[in-house]
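Undergrad: Have a look at this one before I ask anything.
The values are calculated or read from the model by the stated rules, or taken from the named source; none is laboratory data. Given the structure is predicted, the values throughout are model-derived calculations rather than measurements. Neighbour counts run over all protein chains shown; Cβ positions are idealised from the backbone, glycine included.
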Amino acid sequence: MCGIIGCAGRGDATLDTLLTGLGNLEYRGYDSAGVALANESLDVAKKSGELDALREAVADRTLHGSVGVGHTRWSTHGPPTDANAHPHQDCTGDVAVVHNGIIENYQQLRDELAADGHEFRSDTDTEVVPHLVEAALADGADPEAAVRQALARLEGSYAVAVVVAGVDAVFAARQDSPLVLGVADGATYLASDVPAFREYTDRVVYLEDGEFARVEAGGFEVTDFEGNAREVTVDTVDWDPEDTGKSGYDHFMLKEIHEQPRALRQCLQGRVDELGADVSLEVDPDVDRVQFVACGTSYHAALYAARLFRSAGVPAQAFLAHEYALDVPPIEDDLVVGVSQSGETADTLAALREARRRGARTLACTNVVGSTMARECDETLYIRSGPEIGVAASKTFSAQLAALNLLALSTVGPGDEQMREVIAALRDLPGDVQAVLDDTNAAEVAREYVDSDGFFFIGRGANFPVALEGALKLKEISYAHAEGFAAGELKHGTLALVTEDTPVFAVVTGDGEAARKTIGNVKEVEARDAPVVAVTDGESDVGRYADHVLEVPATNQRTAAVLANVQLQLVAYHVANELGRPIDKPRNLAKSVTVE
Ligand code: M6R
């Protein structure tokens with residue numbers, strides 16, 4: 001979603017710093033971009049489309065300023081036009097604002113400001129902010145007080161950064177939308193996400209809701225909205241700038257798919273003992289019932305996790321976070337687990353907050369240290385996969401499945417399985433994923449079916465979430481129509497769509513009941529002439545009924561699901577690549593969805 005960068009103390013490098021920061025934030029998804037630099041007056045440039053359009057627009061202009069802000073916009077109020085791109089300015093042109101989030105009372109504010117003679121140039125909710133600052137300045141407030149007075153009028157969620165002509169500082173505030181400061185010698189940064197400024201510093205301060213920052217070359221000051229000083233902690237990020245580069249891969253997604261063995265090792269390190277008999281997590285082991293809340297790919301991980309707990313006899317359910325918040329199920333001593341790569345997804349945060357309000361103990365299962373979820377929940381389980389830049393989740397999903405296995409093992413035990421067997425399978429997982437990556441024929445399968453009318457994915461048990469995830473991955477990066485089903489469900493309606501032009505990917509691992517029944521479903525689609533691609537460990541004879549086989553090493557059924565998913569990630573990647581799609585930045589999508 002929208003991205004913010006700001007800096008003070010970069011002198012002549014201010015514009016470059018802002019453009020570099022915006023480049024680093026591209027992965028969040030955006031449709032326009034802009035910058036504002038403050039000197040005695042403001043220099044502003046903004047363009048719809050890719051960041052290159054902005055770079056071109058500033059190439060033959062001189063933009064000066066010792067402080068500045070930049071923004072990548074993901075449209076909510078009004079289409080992606082130059083006028084709607086941020087920064088937005090007031091009538092005098094002396095105030096520029098970038099904003100992430102949604103100002104809910106903007107229409108009322110806009111009507112009021114328009115009645116006072118303010119002229120609006122965009123359709124956005126954001127534009128009310130510079131006009132509010134302008135009005136406060138006109139009433140005699142100093143610039144910082146004017147920004148505070150403007151913020152006091154806003155309802156909704158926001159991370160904002162403001163520059164004012166003639167002021168050597170950036171003012172910033174956070175309410176329900178992430179904002180982080182970067183601290184370096186002689187320069188200070190602010191951004192919606194650390195990668196924006198990681199190459200300049202690894203020292204960061206995560207702002208809390210209700211905090212206001214004055215950012216200057218020589219440092220920063222954090223207060224609450226009323227101006228009372230707040231104590232902050234300077235954290236050090238534990239990843240390098242190179243971790244957010246492509247390392248020679250054509251796309252971040254392909255790089256991240258290939259990073260999965262390392263991500264899994266990091267996730268498991270120090271948490272499973274050498275003898276394979278125990279798991280240690282810093283999580284309260286006392287769990288009677290569990291509710292998982294999540295969205296998208298993370299919801300698929302939540303479905304998988306709920307099954308693990310149920311197999312140990314513990315009531316567990318996965319909920320789409322946006323539905324949960326509207327219709328909260330009874331909470332009786334439940335642990336409510338928010339599963340979220342970013343830790344910032346607004347829907348999941350809302351569900352967790354509601355659960356907390358009702359007295360539940362909450363746990364964040366996330367990748368991002370210092371994220372809002374990690375800070376708000378009672379406990380945090382980090383999945384430790386390293387930064388994920390591609391919009392499509394890949395290594396984080398695998399790490400979520402591994403981390404949620406650890407959570408189940410350390411709280412309710414191995415369920416239907418033997419502890420040693422599950423731990424051994426988890427320890428083998430990085431190597432097994434590497435074997436899939438080394439031997440995969442997914443590219444060939446992708447080429448065979450790239451022009452199909454549609455794609456179906458089926459699986460049972462632990463492989464049902466894999467089927468859902470296989471379909472989601474394919475549609476989000478290739479734009480092909482794809483649907484995932486519990487294998488038994490296809491015949492209850494969707495079988496009508498199955499033809500010789502709709503390949504069915506059947507995830508069949510092991511040789512148990514789930515496998516046998518799924519093979520029955522495979523025969524049903526085969527009888528309708530649909531091509532079948534079996535994703536299998538070879539334990540059953542599903543290969544006999546398949547046109548193509550994507551093999552995975554034989555292992556425990558829990559970890560087989562992770563391996564099968566890696567094959568489907570690769571199929572999605574190669575179909576999208578064949579179609580020439582912008583794989584890392586699929587249209588309309590954002591990495592971190594910070595609006596409900
Ligand atoms: O950051 P989260 O895991 O909470 O994000 C939730 C979804 O937006 C996300 O999983 C999305 O579905 C994936 N990026 C799709 O690949």
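Undergrad: Kindly establish whether Ala554 is outside any loop (DSSP other than H, G, I, E, B) and within 25 Å of Val433 (Cβ to Cβ).
TA: No: the conditions fail for Ala554.
Each row is one residue, and each column tells you yes or no for (1) touching a helix residue (DSSP H, G or I) at 6+ places or on another chain (Cβ under 7 Å); (2) free of Cβ contacts under 8 Å to residues at least 40 places away in the same chain.
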| site | (1), (2) |
| --- | --- |
| Phe457 | yes, no |
| Ala462 | yes, no |
| Lys475 | no, yes |
| Glu483 | yes, yes |
| Val498 | yes, no |
| Phe505 | yes, no |
| Asp511 | no, yes |
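Undergrad: May I ask you to say which residue of Asn441, Asn463, Asn521, Asn405 is over 29 Å from the mean Cα position of the chain (by Cα) and more than 16 Å from the ligand (Cβ to nearest atom)?
TA: Asn521
Undergrad: Another question, then. In this structure, does Thr594 turn out to be within 16 Å of the ligand (Cβ to nearest atom) and within 31 Å of the chain's Cα centre (by Cα)?
TA: Yes: the conditions hold for Thr594.
Undergrad: Could you identify the single residue in Ala57, Ala36, Ala53, Ala85 that is in contact with a Lys or Arg (Cβ under 9 Å, 6 or more places away or on another chain) and part of a loop (DSSP other than H, G, I, E, B)?
TA: Criteria check complete, one pass: Ala85.
Undergrad: Mind checking whether some residue in region 369-378 is crowded, with 18+ Cβ neighbours inside 10 Å and within 17 Å of Leu472 (Cβ to Cβ)?
TA: no
Undergrad: Evaluate the following for Ala305: is it more than 16 Å from the ligand (Cβ to nearest atom) and at pLDDT 95 or above?
TA: no
Undergrad: Restricting attention to region 377-394, which residues are touching a Lys or Arg at 6+ places or on another chain (Cβ under 7 Å) and more than 12 Å from the ligand (Cβ to nearest atom)?
TA: Asp378
Undergrad: With respect to Gly543, is the statement that it is in contact with a strand residue (DSSP E or B) (Cβ under 9 Å, 6 or more places away or on another chain), surrounded by fewer than 21 Cβ atoms within 10 Å (Cβ to Cβ) and without any contact (Cβ under 8 Å) to a residue 12 or more places away in the chain true?
TA: For Gly543, the condition - in contact with a strand residue (DSSP E or B) (Cβ under 9 Å, 6 or more places away or on another chain), surrounded by fewer than 21 Cβ atoms within 10 Å (Cβ to Cβ) and without any contact (Cβ under 8 Å) to a residue 12 or more places away in the chain - is met.
Undergrad: Starting from residues that are more than 12 Å from Arg460 (Cα to Cα) and among the basic types (Lys, Arg), keep the ones in region 477-526 and report whichever is surrounded by the fewest Cβ atoms within 10 Å (Cβ to Cβ).
TA: For region 477-526, the residue satisfying everything is Lys523.
Undergrad: Residues Thr362, Thr366: which one is free of Cβ contacts under 8 Å to residues at least 40 places away in the same chain, away from the ligand (no atom under 12 Å from the Cβ) and of a type in the set (Ser, Thr, Tyr)?
TA: Thr362
Undergrad: Would you mind finding the one in Asp547, Asp541, Asp529 that is over 22 Å from the mean Cα position of the chain (by Cα) and either within 16 Å of the ligand (Cβ to nearest atom) or over 17 Å from Phe457 (Cα atoms) (or both)?
TA: Checking each option against the conditions leaves just Asp541.
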